[in-house]
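The values are calculated or read from the model by the stated rules, or taken from the named source; none is laboratory data. As the structure is a computational prediction, the values presented were derived from the model and not from experiment. Cβ coordinates were reconstructed from backbone atoms using ideal geometry, including for glycine residues, and neighbour counts include every protein chain displayed. Ligands, DNA and RNA are stripped out before the accessible areas are found, and what is left, the full protein with its side chains, is counted by its heavy atoms. Shrake-Rupley method; radii C 1.70, N 1.55, O 1.52, S 1.80 Å.
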Amino acid sequence: TGIYTITVANSFTNGGICQVTNTTNVVVINTNTIAVTNQTLCQGSNLNLIANVLGATSYTWNGPSGFNSNIQNPSIPNILPINGGSYIINASFTTPGTTLVCTSTATSNISVIATSPITLTIPSDVCQGSTVNLIANAINTPTYNWNGPNGFVSNTQNNIIPNITS
């Protein structure tokens, strides 16, 4: 950024010189690299898109399922697998005294892992001394983690509690 001056001189064989001078003002608009993160999230989580960039004057995010935002760090609550994909941010940079707009672009890749619905078969009311069967079914679920009253903990899909007490 600054003023540049040029002088052009023509020399003649008789020793004469003709010259002309001109100046121009050049403005260089600073652009900065945008730092974004790639994320893997579970279905139902909140997606927080974060763009770390200094000096930008405006932001435009575009992503899957028609997502658009003009906020630097937008959030999408309760995401689904269709929200996974590439989110592209364009940050714009300007300088007072010029109409030129320069941009910097980055892509944040988001993966959303689908969660399986859980079907529980659990009696709601039982008599003391009865046997209770706690049964859980979920599609493609490799692990189960049960927690309950009186320190009950189990990592099996189906549990049998004999002689139950209150």
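A compact table of results
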{"read-out": "Residue check, Phe93 free of Cβ contacts under 8 Å to residues at least 24 places away in the same chain, of a type outside the set (S, T, N, Q), farther than 30 Å from Ile164 by Cβ and surrounded by 14 or more Cβ atoms within 10 Å (Cβ to Cβ)", "value": "no"}
{"read-out": "Strands (runs of 3 or more DSSP E) (entirely within the range 64-162) containing at least 3 residues that are more than 17 Å from Ser45 (Cβ to Cβ) and touching a strand residue (DSSP E or B) at 6+ places or on another chain (Cβ under 7 Å)", "value": "85-93, 102-113, 118-121, 132-138, 158-161"}
{"read-out": "Residue within the range 61-76 that is more than 19 Å from the chain's Cα centre (by Cα) and surrounded by 13 or more Cβ atoms within 10 Å (Cβ to Cβ) present", "value": "no"}
{"read-out": "Residues of the range 1-29 satisfying the condition of being over 30 Å from Thr98 (Cβ atoms) and either surrounded by 10 or more Cβ atoms within 10 Å (Cβ to Cβ) or in contact (Cβ under 8 Å) with a residue 60 or more places away in the chain (or both)", "value": "Ser11"}
{"read-out": "Residue match in the range 5-20 (condition: among the β-branched types (Val, Ile, Thr), in a loop (DSSP other than H, G, I, E, B), modelled with pLDDT of 95 or more and farther than 30 Å from Ala138 by Cβ)", "value": "no"}
{"read-out": "The range 102-148, residues that are surrounded by 11 or more Cβ atoms within 10 Å (Cβ to Cβ) and at positive phi", "value": "none"}
{"read-out": "Test: Val36 is under 18 Å from Thr95 (Cβ atoms) and open to solvent by less than 60 Å² (accessible area, probe 1.4 Å)", "value": "no"}
